[in-house]
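K.L.:
Quick one: structure below, then a few questions.
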Amino acid sequence: MCGIVGAVTGRNVEGILLEGLRRLEYRGYDSAGMAVLSPQGALQRSRAMGKVAALETRLESEPLPGRCGIAHTRWATHGRPSEENAHPHQSGDRLALVHNGIIENHESLRRELQSAGYGFASETDTEVVAHLIDQEFRRGGGLLAAVQRVLARLEGAYALAVLHADEPDTIVGARKGSPLVVGVGIDEAFLGSDPLALLQVTDRFVYLQEGDVVCLSGAGRIDVFDARGETVNRPVQTFEHGDGAASKGDYRHFMLKEIFEQPEVIAATLEGRLGERSVPVESFGPDAETLFERAKQVHIVACGTSFHAGLVARYWLERYAGVPVQVEVASEYRYRTVVVPEGTLFVTLSQSGETADTLAALRFAREQGYLGSVAICNVPGSSLVRESDLTLMTQAGPEIGVASTKAFTTQLAALMLLTLALGRVKGLATETQAELVGALRELPKRVSQVLELDGEIEALSTAFAEKHHALFLGRGAHFPIALEGALKLKEISYIHAEAYPAGELKHGPLALVDSEMPVISVAPNDELLDKLKSNLQEVRARGGELFVFADERVGIEAQEGVHVLCLPHVHDALAPILYTVPLQLLSYHVAVLKGTDVDQPRNLAKSVTVE
């Protein structure tokens, strides 16, 4: 969602901060701003509504030179999008602050500060924190001490970066429930809400842990303190993906680039985790075999696209591991009374590892008597990974487009690895294990073959250019894929789309079908194929226009009102992964035709780090 960049260097920071904001544009935002301490020690600030380009234009005429500064892209929570509500926020003309997250007790703190004589220039919860730190700073002890005292009074989630004109080579940062990383340079140091923001200047990072406070000062000094205020050493990690990961390369959009990266990243996710005829259980950690042996059932919790991945995994785990599975949306799970049967394994899915509801669900689950926790995630240093008992890292690399593509398919690949590891412990036939391992090895090649159909899918997309609604159908493990297809179409093209199990057509959605309602269906070659064909005939009989993505062996033929795209044959268990790809491409091409902002769809953010 919101993005933070900070820098303490021996050179001008304006360009560094601006480039960092550009690299955070994928997160979703409505305004941008920057505060820099001038060479003379004065606090300078510039803010602008809209894209980072608007801030850049303003800086061209009114530059902010200096060696210490902070910058921010805001996604409105408290207060409408406006320049007054944009970050950084100031207290007087000496202190500036940027903030990601939500301060839940801001109203009572605001009243207290108003009684103490502080005036407010914005509607935000963030300005409250700026004034509180100013109040504490005036009481002595320096900026670091002032921030630490204020943090004890804040309720909610935050990542903060603060500077003060009285300490011209210092930035203090803090995190609780919202990610913040430190970039390690040579005689310089940086802050960012995402390593991608700082790859222009460093590939070495310190991932702050929950409750940490960091002080960056001159000559690249970095001091980290835990929630108790004690000095701690956090490891410096090298970012594994090159700076080019944040570039579109020759592609028109990040989303298209990331769709075409899927053969490579699926192969990377599987690499080293496939044995000759089975999946090594130790891929999940040294204690995995003991934990899996004791597991009697699985509870999967996730949000958005990751939730759809969990729904697919339910079919796999029950079929091959023989354990009952419950899948739940994290934002619902964490607010209900949970009954945990004995021996339940808790599994979380998240691309970023910082998804607020999923992370809160994991912390809630720790108190509920689960057998243990497994995280499937794409970010090694994330909170979700650090706080889980076992982890399996997907190898998707940075995903910039808001609409998830390669993160989803690598999650599915990782979930199949989990299925086979758990199935191995639970006595899955060795022949079945070997068959699925062989199919997984072939999967990247099959995905590449689907990508070769991009031109045909683009041609199909023209039928959607003037449509306002669409219906997606799937059966079995392909119902979640229909849900994901509908989500992608609505996310980036703004077409209203719904998904249903195909067998539910007569229970309501058939009433919507007419010549103006395109119906998209996935038709793999599995045991439900004949039933699906009957459902498709029901649609055609009502005048609905059908778009069928079918296995090349199923024999569904194109005819008037029925468009068929034949996909390469794949093992039926892995078909959900393969059939995701053409739905991604269809959504992409429809969005391009409709002229929407593909990589940054309206009202949405990449990393949902607040409720």
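K.L.:
Scan the stretch 80-94 for residues that are more than 19 Å from R138 (Cβ to Cβ) and not aliphatic (A, V, I, L, M) and report the count.
P.N.:
So in the stretch 80-94, the residues more than 19 Å from R138 (Cβ to Cβ) come out as 80-88.
Adding the requirement that they be not aliphatic (A, V, I, L, M) leaves 80-85, 87-88.
Qualifying residue count for the region: 8.
K.L.:
In addition: Quick one: count up the residues across the stretch 399-446 that are surrounded by 21 or more Cβ atoms within 10 Å (Cβ to Cβ) and closer than 20 Å to F260 by Cα.
P.N.:
Within the stretch 399-446, residues that are surrounded by 21 or more Cβ atoms within 10 Å (Cβ to Cβ) and closer than 20 Å to F260 by Cα number 19.
K.L.:
Just to check your reading of the model, which residue among R221, R277 is surrounded by fewer than 16 Cβ atoms within 10 Å (Cβ to Cβ) and in contact with a Ser or Thr (Cβ under 7 Å, 6 or more places away or on another chain)? Walk me through how you get there before you give the answer.
P.N.:
Values: R221 fails: in contact with a Ser or Thr (Cβ under 7 Å, 6 or more places away or on another chain).
Selected residue: R277, the only one of R221, R277 that is surrounded by fewer than 16 Cβ atoms within 10 Å (Cβ to Cβ) and in contact with a Ser or Thr (Cβ under 7 Å, 6 or more places away or on another chain).
K.L.:
Identify all residues within the stretch 310-344 that are touching a strand residue (DSSP E or B) at 6+ places or on another chain (Cβ under 6 Å) and polar (S, T, N, Q); write none if there are none.
P.N.:
Q326, T344
Conditions tested, residue by residue: (1) aromatic (F, W, Y); (2) farther than 22 Å from E484 by Cα; (3) within 26 Å of the chain's Cα centre (by Cα); (4) not assigned by TED's automatic domain parsing to the domain that holds L546.
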{"site": "S388", "(1), (2), (3), (4)": "no, yes, yes, yes"}
{"site": "M393", "(1), (2), (3), (4)": "no, no, yes, yes"}
{"site": "V425", "(1), (2), (3), (4)": "no, yes, no, yes"}
{"site": "E435", "(1), (2), (3), (4)": "no, yes, no, yes"}
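K.L.:
Further question: Looking only at helices (runs of 4 or more DSSP H) that fall completely inside the stretch 411-514, which ones have 2 or more residues that are of a type outside the set (A, V, I, L, M) and under 27 Å from V325 (Cα atoms)?
P.N.:
Filter on the stretch 411-514 gives 430-451, 478-493.
K.L.:
Scan the stretch 290-315 and report the pairs whose first residue is closer than 10 Å to V327 by Cα and not assigned by TED's automatic domain parsing to the domain that holds G476 and whose second residue is among the acidic types (D, E) and part of a helix (DSSP H, G or I), with Cβ atoms within less than 7 Å and a gap of 6+ or a chain change.
P.N.:
As it stands, the answer is H308/E484, since those pairs meet every condition given.
K.L.:
What is the number of the single condition among (1) at pLDDT below 90; (2) assigned by TED's automatic domain parsing to the domain that holds A477; (3) not small (G, A, S) that E611 does not meet?
P.N.:
(2)
K.L.:
Any residue at all in the stretch 306-318 that's surrounded by fewer than 21 Cβ atoms within 10 Å (Cβ to Cβ), modelled with pLDDT of 95 or more, farther than 22 Å from V339 by Cβ and not aromatic (F, W, Y)?
P.N.:
Looking for residues that are surrounded by fewer than 21 Cβ atoms within 10 Å (Cβ to Cβ), modelled with pLDDT of 95 or more, farther than 22 Å from V339 by Cβ and not aromatic (F, W, Y), one finds none in the stretch 306-318, hence no.
K.L.:
Going by the conditions given, is L311 in a loop (DSSP other than H, G, I, E, B) and among the hydrophobic types (A, V, I, L, M, F, W, C)? Write out each step before concluding.
P.N.:
Values: in a loop (DSSP other than H, G, I, E, B): no; among the hydrophobic types (A, V, I, L, M, F, W, C): yes.
No: the conditions fail for L311.
K.L.:
Also: Go over the candidates A35, A42, A53 one by one and state the one that is under 18 Å from I400 (Cβ atoms) and either outside the structural domain of D93 (by TED's automatic domain parsing) or hydrophobic (A, V, I, L, M, F, W, C) (or both). Before the answer, list the steps.
P.N.:
Details: A35 fails: under 18 Å from I400 (Cβ atoms); A42 fails: under 18 Å from I400 (Cβ atoms).
Answer to the selection: A53.
K.L.:
Scan the stretch 315-345 residue by residue and report those that are closer than 21 Å to F364 by Cβ and either part of a helix (DSSP H, G or I) or polar (S, T, N, Q) (or both).
P.N.:
Matches in the stretch 315-345: Q326, A330, S331, E332, Y333, T337, T344.
K.L.:
Take T305 and tell me if it is hydroxyl-bearing (S, T, Y), under 17 Å from the mean Cα position of the chain (by Cα) and over 23 Å from R366 (Cα atoms). Break it down stepwise before answering.
P.N.:
Values: hydroxyl-bearing (S, T, Y): yes; under 17 Å from the mean Cα position of the chain (by Cα): yes; over 23 Å from R366 (Cα atoms): yes.
For T305, the condition - hydroxyl-bearing (S, T, Y), under 17 Å from the mean Cα position of the chain (by Cα) and over 23 Å from R366 (Cα atoms) - is met.
K.L.:
A further question on this structure: So for the stretch 452-466 (the condition being loosely packed, with under 13 Cβ neighbours inside 10 Å, in contact (Cβ under 8 Å) with a residue 24 or more places away in the chain, assigned by TED's automatic domain parsing to the domain that holds K296 and not acidic (D, E)), does at least one residue qualify?
P.N.:
Within the stretch 452-466, not a single residue is loosely packed, with under 13 Cβ neighbours inside 10 Å, in contact (Cβ under 8 Å) with a residue 24 or more places away in the chain, assigned by TED's automatic domain parsing to the domain that holds K296 and not acidic (D, E).
K.L.:
Of all the strands (runs of 3 or more DSSP E) wholly in the stretch 28-129, which have at least 3 residues that are in contact with a Ser or Thr (Cβ under 6 Å, 6 or more places away or on another chain)?
P.N.:
Correct list: 95-103.
K.L.:
Which condition does E167 not pass, out of (1) modelled with pLDDT of 90 or more; (2) in a strand (DSSP E or B), if it passes all the others?
P.N.:
Answer for E167: the failing condition is (2).
K.L.:
Taking the stretch 46-76 as the search range and keeping residues that are touching a residue at least 60 places away in the same chain (Cβ under 8 Å) and over 24 Å from A219 (Cα atoms), which one is surrounded by the fewest Cβ atoms within 10 Å (Cβ to Cβ)? Explain how you work it out, then say what you get.
P.N.:
Let us first name the residues in the stretch 46-76 that are touching a residue at least 60 places away in the same chain (Cβ under 8 Å), namely 67-75.
Next, from what is left, pick out any that are over 24 Å from A219 (Cα atoms): 73-75.
Numbers: T73: 30, R74: 28, W75: 20.
Among those that are touching a residue at least 60 places away in the same chain (Cβ under 8 Å) and over 24 Å from A219 (Cα atoms), it is W75.
The values are calculated or read from the model by the stated rules, or taken from the named source; none is laboratory data. Keep in mind the model is a prediction, meaning the values are calculated, not measured. When we count neighbours, we look across all protein chains shown, and the Cβ atoms used for this are built from the backbone with ideal geometry, even at glycine.
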